[in-house]
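Notes to accompany the following structure.
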Amino acid sequence: MKKLASLLVVVAVLSATAFAGTIVGSAHDFSNKNWNNTGEICVVCHAPHNTNTSVTDAPLWNHEVTTTNFTVYSSGTFDGTIGQPDGASKLCLSCHDGTVALDNFGGTTNGSQFIGGGKNLGTDLSNDHPVSFTYDAALASADGEIYNPTTQNSGLGGTIDQDLLISGKMQCSSCHDVHNTQAVNGTKLLVINNSGSALCLTCHSK
Amino acid sequence: MHGGTDEICIPCHTPHNADASVVDAPLWNHEVTTANFTPYTSTTMDAATGQPDGVSKLCLSCHDGTVALDSWGGQTGTVFWSSGHRDVMGTDLTDDHPISITYNSALATSDGELADPSTTNSGLGNTIDTDLLFGQKLQCASCHDVHNTQSVPGTKLLLISNVNSGLCLTCHLK
């Protein structure tokens, strides 16, 4: 991840406190949950062997993958071309859609713990920010009120495309850092602080 | 191990007539795999992968499932793992942790979330580079101790305990 190297430089220059730190003790540290008897952190999502390669861009994936047919975002003014969630978003939704048990990892399929409350996005994504669509210069000019991702700076050291998009696509991880290593302290794992809606205004020229 | 001997080392090593075709192979006695592997890939990975080499190629000469376990000392064996066995990696390594990749300070810098192997302590007494890498390369034996002399009891021959993902967090700054 080249973006992270440049981010490190920026962080070092700006302030040391912006650097959140580690997955240890974060929302995604499940090492002492009663539904995870391995005592490990990464294993709920990754393993070194026998992993699931069915999702493109899934790094050594060890959690059962959702098979939901989602209702995706739509609106009269949305200019992107959106389909079923893919890539990193599909990985997040493999816990956050509420259909796959949290403890279904490492080949286990009879888990019984499900995500709850506001952390469960459900299978209807029409009320969530659109994900899994290509965000490129063409979309920016068609829309007129979003920045060109290949030239606009993200504020993290590179362009929006380099720092926030995965293979040119908008995904859950465009806004969230699952590992909490680059996330802003005290936020919902956000990669950019949203006070003053700074996160939103990174892409939307409103 | 099979092959009609009570020696321990012989399926893997011999004092004479060893196979020197693999770089870093210590007095190798087991038939070496000739499989064409599919290495790990991903869009977020910074390291360049290629065909397995060095120590990993030795491990895969049993663990890819293409060479009989008892093909050593020049003999052609007949004993294979049953298909689908967990210990068999196969020739498709896209579902396995990347191996045979150069892991140096430059990679750590370009990735941003990897420890610098030349300065970070492995927890085993020296740096990651000294204790876990082979000619700056990450190999199967970076995580596993084939001889079980240094490995943590009760693990899959792991050099470092993976409780709290300690093994993973030795290299990954997550």
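Bear in mind that the values in this text are calculations on the coordinates, not laboratory data. Note that the structure is predicted; figures quoted are calculated from it, not measured. Every residue, glycine among them, receives a Cβ derived from its backbone with ideal geometry; neighbour counts consider all protein chains shown.
Details
- Average beta-carbon neighbours from other chains, 10 Å sphere, peptide B:164-172: 5
- Rounded to the nearest 20, the Cβ-based charge dipole of chain A about its Cα centre (Lys and Arg +1, Asp and Glu -1) stands at 340 debye.
- Residue-averaged beta-carbon neighbours from other chains (10 angstrom radius) around A:45-51: 6
- Three-way shape call for chain A based on the alpha-carbon gyration tensor, with the a/c threshold at 1.5: oblate
- Angle in degrees between helix B:54-63 and the longest Cα principal axis of chain B, rounded to the nearest 10: 50
- With the highest mean first, a sort of the peptides A:124-135, B:83-94 on other beta-carbon atoms found within 10 angstrom per residue produces A:124-135, B:83-94.
- Across peptide A:35-41, the mean count of Cβ atoms from other chains lying within 10 Å of each residue's own Cβ comes to 4.
- Phi to ³J(HN,Hα) by Karplus 6.51 cos²θ - 1.76 cosθ + 1.60 over the stretch B:107-122, Hz, x for Gly, Pro: 5, 4, 5, 5, 6, x, 10, 10, 5, 6, x, 7, 10, 8, 6, 7
- Toward the positive end of the charge dipole of the stretch A:135-206, with +1 on the Cβ of Lys and Arg and -1 on the Cβ of Asp and Glu, the farthest Cα among A:Thr181, A:Gly155, A:Ala138 is that of A:Thr181.
- The order of the peptides A:51-58, A:167-174 by mean Cβ neighbours within 10 Å, most packed first, is A:167-174, A:51-58.
- Using C-alpha pairs below 8 Å separated by at least 6 residues, the relative contact order for the stretch B:49-154 is 23 percent.
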